[in-house]
């Protein structure tokens with residue numbers, strides 16, 4: 001079966017089997033899974049609208065270590081600074097500073113995956129792939145086989161972390177197309193509270209393939225606020241997987257923001273594995289020109305009295321294309337499940353396209369489930385109202401477009417992320433200066 | 001100020017206004033009354049510049065200029081203001097920022113210096129009190145979660161801040177209880193001046209107890225059938241619209 005590109009990734013594995021050698025058995029098993037699966041193709045239902053064959057036209061080689069200057073440039077351009085958060089910078093998939101430089105907040109253990117694989121392999125293998133199942137997920141298998149580094153974070157039970165943790169993943173690939181594989185493992189102990197931010201960036205215009213997997217486990221009563229801000233280079237490929245498992249009465253609130261990347265695919269899997277678990281997934285994607293962004297989410301209500309609310313919004317201009325597939329599975333004994341889903345899209349150009357699909361599978365009979373999807377243009381009544389208030393038409397359009405996006409950003413509890421994103425989004429849209437007048 | 005001559009307007013090929021003539025001078029308050037479907041809102045919307053209305057004949061002159069060739073935002077800068085019958089909710093656009101942007105757009109157009117946040121707030125504070133606009137309403141998105149009465153009050157509040165030359169009030173009294181009606185009327189009356197014309201479009205006479213017009217016009221079937229002083233409104237309240245129609249047909 002092996003197509004040239006799939007083959008290229010296999011060769012990559014052969015070339016460098018030595019990394020994270022404590023995990024050699026896991027990596028070898030994963031590459032065998034990948035060998036069987038190959039790259040996804042449009043004949044597979046969940047890849048119907050996203051053709052990754054573009055990837056096969058590039059010869060991505062594992063990214064080399066970037067000079068230290070790239071790390072400090074990334075941190076100064078995209079970091080939030082150590083005053084406001086605990087920041088960990090990865091450049092080209094590797095921890096940019098030594099382990100001894102990692103933040104050590106009380107109640108939390110943070111180390112690099114490369115270190116943890118050597119010193120506490122059991123901790124790593126216990127979680128690795130437990131939630132982000134390899135079977136059927138070629139990119140997760142590829143990640144397990146080729147991962148270079150990432151963060152391993154354990155928040156102790158009862159910890160109330162005030163300062164957010166920020167994982168900044170930056171790519172500075174140089175001249176040749178480079179591939180980066182990062183893996184993050186996170187546990188939040190019983191009744192602990194934390195905020196985790198993941199930012200993905202790269203040198204503007206550079207070509208690379210970022211394959212990232214984050215696995216999160218929430219203990220009973222734990223609460224995690226999770227921000228994923230994807231601002232890759234506009235020539236980059238980004239494939240991200242997020243797998244979350246929630247215990248009793250835990251709360252997970254995620255904000256997934258896609259502004260960058262040429263071809264972007266996100267898979268989110270949330271398992272509400274015990275009663276009272278509550279997940280809220282908010283998302284925003286903005287795509288222009290020929291950007292392609294695909295969000296596949298799956299929420300499993302496995303136990304009674306679990307709740308999920310999902311709200312994704314998209315803005316598409318030029319020849320951009322977006323895919324949203326929101327799957328909710330209510331298992332047989334998950335009575336009193338409450339699941340709400342909504343996906344709203346704003347098309348600014350007649351050449352832009354969106355494929356949106358809610359998928360509900362309900363095996364319990366006493367549940368409350370709802371979903372809605374819209375694809376539309378700006379509201380004419382709102383436009384007219386603003387124009388009668390002396391706002392020029394172009395400004396009114398830009399303002400309404402920004403307001404549509406801001407419905408996702410404004411409610412973010414983490415102020416530093418919210419403020420920066422409002423400016424990033426305004427810059428992505430036309431008429432940034434005028435929108436600014438309304439934001440002060 | 002406003003001169004409407006033999007105005008014919010169609011919507012989707014159907015003629016709604018069939019030859020309207022109206023002269024409104026600075027300092028005057030005119031009431032346009034009429035049964036539902038008579039074309040009152042069409043007239044207000046055409047004056048404000050909404051898309052979808054085709055003027056097939058006639059002209060609208062505003063301060064001697066052809067109003068119809070100006071886009072809505074330029075009309076606003078020239079001093080035309082429409083208080084909407086159904087003010088739209090605009091999630092994510094802040095009430096105060098919109099109003100400040102509107103005021104500054106108008107000031108720029110007129111070659112005046114823009115107001116900064118401090119001067120702007122000083123200017124709006126008094127008007128907030130008159131119209132009982134709370135800080136909470138001000139800081140929300142435009143009309144979002146406002147009650148019907150709050151939306152109408154917000155319209156008149158915006159009008160009080162923007163100080164138009166020609167104010168058009170489209171069914172501002174509909175959906176208001178008696179207290180809200182009084183607040184709104186007080187706001188409108190505080191804006192009566194020798195330089196400003198106000199056109200009140202309404203179905204009921206009730207509002208005109210509080211905003212006493214100089215002239216009253218009965219619009220029916222797309223034509224003004226009768227014009228008169230404030231007494232005409234009272235007569236319509238007592239006798240309904242039919243006698244006007246019959247008299248016009250006779």
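Each reported figure results from applying straightforward, stated rules to the coordinates on display, with no laboratory input. Predicted model only: the values in this text are computed from it and were never measured. Here the Cβ positions follow ideal geometry from the backbone for every residue, glycine too, while neighbour counts run over all protein chains shown.
Taking the Kirkwood radius as Rh and the Cα radius of gyration as Rg, the range B:1-141 has a ratio of Rg/Rh equal to 1.01. Per 5 Å bin from zero, what fraction in whole % of the C-alpha pairs of the range B:1-67 is there, up to the bin with the longest pair? Calculated over all Cα pairs of the range B:1-67, the distribution is 4, 16, 28, 29, 16, 6, 1, 0 percent. Name the most mobile residue of A:105, A:40, A:304, meaning the one with the largest mean-square fluctuation, in a Gaussian network model of chain A with Cα contacts below 10 Å. Fluctuation is largest for A:105. Among A:147, A:412, A:382, the largest mean-square fluctuation in a Gaussian network model of chain A, built with springs joining Cα atoms closer than 10 Å, belongs to A:382. By the count of neighbouring beta-carbon atoms within 10 Å, fewest first, A:170, B:203, B:217 end up ordered B:203, B:217, A:170. Listed from fewest to most Cβ neighbours within 10 Å, the set B:50, A:265 follows the order B:50, A:265.
Each listed q (0.06 Å⁻¹) maps to a log10 I(q)/I(0) for the protein assembly as shown from the Debye sum over equal C-alpha point scatterers, namely -0.46. Cβ-Cβ distance of residue A:204 and residue B:135, R₀ of 41 Å, FRET efficiency by 1/(1 + (r/R0)^6): the value works out to about 0.45.
Output the relative contact order of chain A, whole-number percent, from Cα pairs under 8 angstrom with separation of 6+ residues. Spell out each step's value before the answer.
Details: 1105 pairs, mean separation 40.7, N = 440.
Result for chain A is 9 percent.
In degrees from 0 to 90, rounded to the nearest 10, what is the angle of the helix B:230-239 Cα long axis to the longest principal axis of chain B? Helix B:230-239 sits at roughly 60 degrees to that axis.
Beta-bridge orientation, the protein assembly as shown: approximately 15 percent antiparallel, per DSSP, counting only bridges with both partners inside.
Can you tell me, using C-alpha contacts under 8 Å and at least 6 residues apart, the relative contact order of the range A:35-114 as a whole percent?
Details: 48 pairs, mean separation 14.3, N = 80.
The value is 18 percent.
Once you've got the GNM for chain A with C-alpha springs shorter than 10 Å, pick whichever of A:308, A:350, A:72 has the biggest mean-square fluctuation. Answer for the Gaussian network model of chain A: A:350.
Find the relative contact order for chain B and round it to a whole percent, using C-alpha pairs within less than 8 Å whose residues are 6+ positions apart.
28 percent
Exposure proxy ranking for A:387, B:65, based on other Cβ atoms within 10 angstrom of each Cβ and starting from the fewest, stands as B:65, A:387.
To the nearest 0.05, how large is the calculated FRET efficiency for residue A:427 and residue B:246 if R₀ is 60 Å and r is the Cβ-Cβ distance?
Working: r = 65 Å, r/R0 = 1.08.
Approximately 0.40, to the nearest 0.05.
If you bin all the Cα-Cα distances of the range A:4-274 at 5 Å, starting from zero, the percentages per bin are 1, 6, 13, 18, 20, 18, 13, 7, 3, 0, 0. Quarter the surface of the alpha carbon convex hull of the range A:378-440 and you get the mean projected area, 4.2 square nanometres. Measuring r between the beta carbons of residue B:15 and residue A:175 and using R0 = 60 Å, the FRET efficiency lands at 0.30. The label point for residue B:227 and the one for residue B:186, both projected 7 Å from the Cα toward the Cβ, are 3.4 nm apart.
In nm, what is the difference between 0.36 nm times the number of residues separating residue A:36 and residue A:349 and their Cα-Cα distance? Working shown, then result.
Details: separation 313, 0.36 × 313 = 112.68 nm, distance 4.04 nm.
Gain on stretching residue A:36 to residue A:349: 108.6 nm.
Where only DSSP H runs of four or more residues are counted, chain B gives -11500 deg cm²/dmol as its mean residue ellipticity at 222 nm, each run worth -39500 (n - 2.57).
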